[in-house]
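The values are calculated or read from the model by the stated rules, or taken from the named source; none is laboratory data. Everything quoted here is computed from the prediction, not taken from an experiment. Methodologically, a virtual Cβ is constructed for each residue, glycine included, from the backbone with ideal geometry; neighbour enumeration extends over all protein chains shown.
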Amino acid sequence: MKAIIIIDHGSRYPAANDALFDVVKRMQELTPDVLVKGAHMELCEPTIEQVIDDCVHEGATHIIAHPYMLSPGRHAIRDIPNMVNEAAAKYDNVIIEVTEPLGLDDGIIRVIQKRCGV
């Protein structure tokens, strides 16, 4: 089974953390054949390690970790991959990879256009 973990930074503001799980819920609705979960990099739970453990215990054999961030900053290109690799080290039989952050994509441009009314 394939799993996708959508990872944000984490916040001291509960509403910001809850927003990630709105994205996870919608992604799960649109991708029913894949297990979709959310994790926070820091400041709150569930952590990356907790969610990787959950995915494996639910039967995932291929986990894709996605940094839910706009740009390829330090967290997206260094911190999150390092945290994922550390958590994945105990699972030799599971394929675990990290994607690029959201970055430049026409879909994101369309969302900006929509928000700006153009």
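Within the group Ser11, Ser71, which residue is at pLDDT below 95, under 29 Å from Ile112 (Cβ atoms) and among the small types (Gly, Ala, Ser)?
Result of the check over Ser11, Ser71: Ser71.
Considering each residue of segment 39-81, count those that are crowded, with 19+ Cβ neighbours inside 10 Å and either part of a helix (DSSP H, G or I) or among the acidic types (Asp, Glu) (or both), and give that number.
Adding up the residues that qualify gives 8.
What residue, among those in segment 26-38 that are part of a strand (DSSP E or B) and not charged (D, E, K, R), is nearest to Ser11 (Cα to Cα)?
Selected residue: Gly38.
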